[in-house]
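Okay, structure first, notes after.
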Amino acid sequence: MAAIVTENIVKTYRTRIKSEGLSASFRALVKPEWTEVEAVRNVSIEIEKGEIVAFIGPNGAGKSTFIKMLCGILHPTSGDIRVLGMSPVKERRKLAMGIGTVFGQKSQLWLHLPPLDSFTLLAAIYEINDDERKRRVGELTELFGLSEFLKTPVRKLSLGQRIRCEVAASLLHKPELLFLDEPTIGLDVVVKQAIRELILRDNSERNTTVFLTSHDPADVENLCRRAIVIDHGEVVLDSPVEKLRSEYLGKKLVEVSFSKPQTIPDMFGVEISTDFQGLKSTLAVDTKMRPIAEVLETLSTIGNVLDITISNPPMEEIIASIFREQEALNRERE
């Protein structure tokens, strides 16, 4: 059975048109004007049980609206949704027992209570008996390394500690499907990797389906085998992450700072931009043409290097590249 199936999902919002000027504002007060905005447009996808799928796109693309419809928080204007074989519109309460959610910027934990108390409250909500609750909390505490701060109020935890507790809380009732909305936002590299490993372990041991949104390309590369790209409410790409990696994630940004003005030699597959003082340069490296190791070796021979950082291009840039290519393909077909 597929974990998620949607057919031609549309979500339209009715918004009020803002009026400018005193007289126009008065007329709008008496007789307001409205317009309709399509947040999601004819989205049809199917996700099998046990898949880890990235659902990515720029801000305002319709990701959060789509997730809320999958969870039953919002109802689609038209189209059909089946999640774990249930209709989120008609069976929201029953569906809630089979899904877990983690929103990086919103907490399901009570800030003034320690995580242990939140786990107890959530266990009662999910109708988990005391013996099962103690066993599950013990398992998750060991798995996520929570013992040191399990009795510390959530408001006193670091962001990394809180997110670990958030993921643990979402898994307390053993959901079949886990929604992760920016789970690693604001975390340092070490904590991000720890969270990813925990997600992969749960997927491996329990075959949990994971539906992930993230602006961090590393989340997509390290967790997912499939990526669905959405922009302006429409799916513009649905492909294996391997293809996404080879065609769109093959670029790295190398930022280098010098103690004295330096000129970096031209390199095939590398675009170089340098500030007017010659003290800082950014290199956009196409790793299919030039390995990062060769770029770093060249930089090390220049001398006077103060600092080097390597990062992925912003997700927005990757999405824009995908969208431009899809538009070009559509024009060719026409």
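The values are calculated or read from the model by the stated rules, or taken from the named source; none is laboratory data. Treat the numbers as computed from the prediction; the structure is a model and nothing was measured. Cβ placement follows ideal geometry from the backbone for every residue including glycine, while neighbour counts extend to all protein chains displayed. Areas reflect the complete protein model, heavy atoms only, side chains present, ligands, DNA and RNA absent. Shrake-Rupley method; radii C 1.70, N 1.55, O 1.52, S 1.80 Å.
Here are some notes:
- Of the residues A96, A123, the single one that is farther than 25 Å from L187 by Cβ, touching a residue at least 40 places away in the same chain (Cβ under 8 Å), open to solvent by less than 70 Å² (accessible area, probe 1.4 Å) and hydrophobic (A, V, I, L, M, F, W, C) is A123.
- Members of segment 263-279 found to be open to solvent by less than 40 Å² (accessible area, probe 1.4 Å) and either in a strand (DSSP E or B) or not β-branched (V, I, T) (or both), listed by number: M267, G269, V270, G278
Residue by residue, here is whether (1) of a type in the set (A, V, I, L, M); (2) open to solvent by 70 Å² or more (accessible area, probe 1.4 Å); (3) within 20 Å of I67 (Cα to Cα) holds:
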residue: L157; (1), (2), (3): yes, no, no
residue: R162; (1), (2), (3): no, no, no
residue: F179; (1), (2), (3): no, no, yes
residue: V210; (1), (2), (3): yes, no, yes
residue: S214; (1), (2), (3): no, no, yes
residue: R225; (1), (2), (3): no, yes, yes
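- Criterion (aliphatic (A, V, I, L, M), farther than 27 Å from Q161 by Cβ and in a loop (DSSP other than H, G, I, E, B)) met by exactly one of V40, V89, V53: V89
- Checking segment 233-246 against the condition returns a match, with at least one residue being part of a strand (DSSP E or B) and surrounded by fewer than 14 Cβ atoms within 10 Å (Cβ to Cβ).
- Note on segment 63-87: among residues that are within 20 Å of C224 (Cα to Cα) and under 16 Å from the mean Cα position of the chain (by Cα), the one that is most open to solvent (accessible area, probe 1.4 Å) is S64.
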